[in-house]
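Each remark here refers to the structure printed beneath this line.
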Amino acid sequence: MSKTHVTTTINGDAVEFLAEPGATLLDALRDEVGLTGSKEGCGSGDCGACSVILDGRLVCSCLVLAPEVEGRRVETIEGLAKDGHLHAVQQKFLEHAALQCGFCTPGLLMASKALLDANPDPTETEARYWLAGNLCRCTGYDKIIKAVLDAAAELRQERVA
Amino acid sequence: MSQLNYIAPTTADEAVKALAAAGARPLAGGTDLLVQLRAGRAKPSVIVDLKRIDAARGIRSEGGGFVIGAATSGAELSEHAALVKAWPGVVEGANLIGSTQVQGRATMAGNLCNGSPAADSVPGLIAARAVCVVVGPNGRREAPVEQIPTGPGQTSLAQGEFVLEMRLPPRPARSSDAYLRLIPRTEMDIAVAGAAVNLVLDAAGVVTEAHVAIGAVAPTALLVAEAGAALVGTKLDDAALAKLDAAVRAACRPISDKRGTAAYRTKIAGVLARRAAQIAYDRAGKA
Ligand SMILES: Cc1cc2nc3c(=O)[nH]c(=O)nc-3n(C[C@H](O)[C@H](O)[C@H](O)COP(=O)(O)OP(=O)(O)OC[C@H]3O[C@@H](n4cnc5c(N)ncnc54)[C@H](O)[C@@H]3O)c2cc1C
Ligand code: FES
Ligand code: FES
């Protein structure tokens, strides 16, 4: 069976790649496009390490077939920092030491960005539920939640300023 | 997975043609199908993605009710204010499925056609008396939601058929619904038992119509007619709730597994039905 030719937009750039039959978006990002920031923790939608934003929606890239993104817009962790400036969630993860091994971090950052895009002022409970699909074996989550809420506050300030 | 074709038709007719091939499978959100592919439990030859078919997308009002395209995600349901207002129980069932990421993809039609007895959106749809519009090689037919699953992982859909849309009936004044499930955790788990209740009240607060459906306590989700009948003509007094509870327990045919014994599941289904009835009643009083 031949590979499928896919044309899509990743982090604002037009990208073409060939997908193996049955390959997921995560496989294609990592193996064909060379974007290895999205991680595979489980391959079954449980851990969120592969989280990307597809046409504005947070999804697990391990549960998307690569050819499904034909003509769509994909945002990955590689596009989160802009012009050498970290996104507020990235900066706050560093400041709050919200990571240890870092394997969950790309997924958590994309999920946090999607949260703050949808809800600029989440409560702690809202943030915890939104991030329930992102597993972290190291941090115990508290620092992550603090970082996300702090990033939200900073982004609100920037909007006012 | 070396023999796997992917196609994304843009019309229902093209999808029906593609699904006629041996080993063809529809794809909606993929949150069950991709997991099964990876585990080797599904080995389709062709995957027919329904998400580019216009008629399978989005939510529209029609004839006083709602038509929900089969490829509409849980996140889209929760963002539709009019749907949430009319059918809070249907939407809360769908929104209990998985994480934010899963909600961005998972559909009620996929939840139904996957055939899990514990599928969270199914009891709410059954209690709502929702109807599936099924298309296939022999044209178009309608089937009540409860007639689609026939057992764990099994449906009544013939080869080449798929659900194009789901229809929710018009909503009279003072009507509402609710769905509750029990899981051992607060998020991301499979229901031990679930119950949905859909009520219509008159101006005095008396129940004039009631539908009750239960999940995870039999090989498929069940409509329990006796449980609905127990509520009609009442204001949900203790006697009516006790009759509801008893009717639900009598309908349960659960398995015992690590999530709960058959006796526990049966008891819980009755409790959930009582509580869901109370929530639906309170909501209907305000609707
Ligand atoms: C992390 C995680 C957590 C989950 N949590 C829950 C949960 O809490 N509760 C729950 O109920 N489920 C849960 N699920 C299971 C799954 O997300 C749901 O069953 C979901 O609704 C499936 O919908 P889908 O659109 O993704 O289906 P798909 O995976 O696209 O399809 C599922 C099945 O239905 C068939 N199908 C799809 N659409 C149609 C159609 N229109 N007509 C005919 N056949 C069709 C497919 O061929 C396939 O066999 C979870 C899954 C994951 C990965
Ligand atoms: S790798 Fe996708 S959710 Fe775990
Ligand atoms: S930092 Fe190690 S898994 Fe989260």
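The values are calculated or read from the model by the stated rules, or taken from the named source; none is laboratory data. What you are looking at is a predicted structure, and each value in this text was computed from that prediction instead of being measured. Backbone-built Cβ (ideal geometry, glycine too); neighbour counts: all protein chains shown. Surface areas here come from the heavy atoms of the whole protein model, side chains and all, with no ligands, DNA or RNA. Shrake-Rupley method; radii C 1.70, N 1.55, O 1.52, S 1.80 Å.
The table for this structure:
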item	result
Leading residue by the ranking (farthest from the chain's Cα centre (by Cα)) among those in the range B:264-287 that are open to solvent by less than 60 Å² (accessible area, probe 1.4 Å) and small (G, A, S)	B:G285
Verdict on A:I10 being more than 30 Å from B:D189 (Cα to Cα) and either within 15 Å of the chain's Cα centre (by Cα) or among the aromatic types (F, W, Y) (or both)	yes
Filtered residues of the range B:5-33 (kept if open to solvent by 10 Å² or more (accessible area, probe 1.4 Å) and facing chain A (nearest Cβ under 10 Å))	B:N5, B:Y6, B:I7, B:A8, B:T31, B:D32, B:L33
Neighbours by Cβ (under 8 Å, 6+ apart or cross-chain): first from the range B:162-181, farther than 15 Å from B:D202 by Cα; second assigned to a strand (DSSP E or B) and among the aromatic types (F, W, Y)	B:R167/B:F66; B:L168/B:F66
Top-ranked residue of the range B:34-45 - restricted to ones that are among the small types (G, A, S) and at the interface with chain A (Cβ under 10 Å from one of its Cβ atoms), ranked as surrounded by the fewest Cβ atoms within 10 Å (Cβ to Cβ)	B:A39
Residue that is surrounded by fewer than 18 Cβ atoms within 10 Å (Cβ to Cβ), in the same structural domain as A:L149 (by TED's automatic domain parsing) and touching a residue at least 24 places away in the same chain (Cβ under 8 Å), where the choices are A:A111, A:A97	A:A97
Filter pass, A:L131 being within 16 Å of ligand 2 (Cβ to nearest atom), within 10 Å of chain B (Cβ to nearest Cβ), assigned to a helix (DSSP H, G or I) and closer than 20 Å to B:A106 by Cβ	yes
Residues that are more than 7 Å from chain B (Cβ to nearest Cβ), open to solvent by 10 Å² or more (accessible area, probe 1.4 Å) and either modelled with pLDDT under 95 or within 13 Å of ligand 1 (Cβ to nearest atom) (or both), drawn from the range A:42-61	A:C42, A:D46, A:C47
Qualifying residue in the range A:11-32 (condition: among the small types (G, A, S), surrounded by fewer than 18 Cβ atoms within 10 Å (Cβ to Cβ), in contact (Cβ under 8 Å) with a residue 60 or more places away in the chain and more than 11 Å from every other protein chain (Cβ to nearest Cβ))	yes
